[in-house]
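See below for the structure under consideration.
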Amino acid sequence: MKALEARGLAKTYAAAGGNDPLQALSDVSLELGAGEFVSLVGPSGCGKSTLLRILAGLVAPSAGVVFLDGEQPEVLLGRVGYMPQDDLLMAWRTTLDNVTVGLELAGVSRADARVQARAELARFGLEGFERHWPRALSGGMRQRAALLRTFLAGRNVLLLDEPLGALDALTREEMREWLLEVWEADRKTILLVTHDVEEAVFLSDRVYVMSGRPGRVRATVDVPLRRPRAQELTTAPEFIALEQAVRAPLREARAGLV
């Protein structure tokens, strides 16, 4: 069953200050089956983040429709989990109080939200840091907290916009394996935006490659690699071949070819 499907999405921003209208997306279609991990890669400025904001219900498309579980909802906002590029942790709230924000906004009492969050702290590598302020957390721990906040919101479909992008290379590798462990345990449906081709192939069941602006789906690459996956897999010939299958249309997109 398709947990999330986009058909013919387009987005054009109105002209401002005498400029021409900006067409960010054109005829974008993609789908995610229930429990799939799918990645989206493309050149900078091709509309990846705009696409996620449309799917999250934060931005209205100029054309096209979005389906959840085979139905077109009247209102998308609040129906899927969304984690933007910045962790957006509140400096005046502790780790525990940051990760419970989504639950509290959904009407869960603060006490019950804390009970739910405490049950997940160890799995998200945050046990013992409940009372720490965001400034005392490492980059990786801040991202874990932001991801836990997103997971606790209770949505089956999660949209993650470059969640590992600000991390150093070693921490990023560790977080990839950890993110897969969490996903394999929960089997949420995840759409991940990333600039890292290796990351996209390592994590995903399928990778969509977007063109330059206006963004459209240029190629779709299935990733039939065995699971569970470990970092050592990235040196295997079949992995490298899949990387090249993603990089080829990405290079063309960056060169401005259509």
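Computed from the coordinates by the stated procedures, all read-outs in this text should not be read as laboratory data. Small disclaimer: the values here were computed from a predicted structure and weren't measured. Counting neighbours? That spans all protein chains shown, and the Cβs are built from the backbone with ideal geometry, glycine included.
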Notebook entry, point to check: In deg cm²/dmol, rounded to 500, what helix-only [θ] at 222 nm does the chain give when every DSSP H run of at least 4 residues adds -39500 (n - 2.57) and the total is split over its residues?
Noted result: -9500 deg cm²/dmol
Next item on the list: Express as a percent, rounded to the nearest 5, the fraction of DSSP beta bridges in the chain (both residues included) that run antiparallel.
Entry: 55
Item checked: Inter-probe distance in nm under a simple model that places probes 7 Å from Cα toward Cβ, at Trp133 and Glu71 -> 4.6
Item checked: Positive-end extreme of charge dipole, the chain - chosen from Leu164, Ala145, Ala15 (charges on Cβ) -> Ala15
Checklist line | Spacing of the two label points (7 Å from each Cα toward its C-beta) at Thr234 and Lys2, in nm | finding: 3.3
Notebook entry, point to check: Dipole magnitude of the range 141-225 about its Cα centre, charges +1 at Lys/Arg Cβ and -1 at Asp/Glu Cβ only, in debye to the nearest 20?
Noted result: 520
Notebook entry, point to check: Dipole magnitude of the chain about its Cα centre, charges +1 at Lys/Arg Cβ and -1 at Asp/Glu Cβ only, in debye to the nearest 20?
Noted result: 420
Notebook entry, point to check: Say the dipole of the range 28-109 comes from +1 at the beta carbon of Lys and Arg and -1 at that of Asp and Glu; which of Ala60, Thr100, Leu76 then lies farthest toward its positive end?
Noted result: Ala60
Check: What nm value, rounded to one decimal, do you get for the distance between Arg251 and Asp20 when each label is placed 7 Å out toward the C-beta?
Finding: 2.9
Next item on the list: Given the options Glu181, Glu232, Glu198, state which has the largest fluctuation in a GNM of the chain using a 10 Å cut-off (strictly under) for Cα springs.
Entry: Glu232
Notebook entry, point to check: Which residues does a label at Tyr13 reach in the range 159-187, if reach means a backbone N under 20 Å from a point 7 Å past the Cα toward the Cβ?
Noted result: 161-162
Check: Dipole magnitude of the range 84-127 about its Cα centre, charges +1 at Lys/Arg Cβ and -1 at Asp/Glu Cβ only, in debye to the nearest 20?
Finding: 140
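If packing is taken as the average count of other Cβ atoms within 10 Å, what order do 86-92, 242-248, 202-208 fall into, highest mean first?
Values: 86-92: 13.6, 242-248: 17.9, 202-208: 22.9.
Going by the mean number of other Cβ atoms within 10 Å, highest first, we get 202-208, 242-248, 86-92.
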Notebook entry, point to check: Quick one: Cα centre-to-centre distance for the range 38-96 and the range 189-224, in angstrom?
Noted result: 16
Next item on the list: Give me the angle, in degrees from 0 to 90, between the Cα long axis of helix 237-254 and the longest principal axis of the Cα atoms of the chain, rounded to the nearest 10.
Entry: 60
Note to self: Compute the angle between helix 139-152 and the longest alpha-carbon principal axis of the chain, please, reported from 0 to 90 degrees and rounded to the nearest 10.
What the structure shows: 90
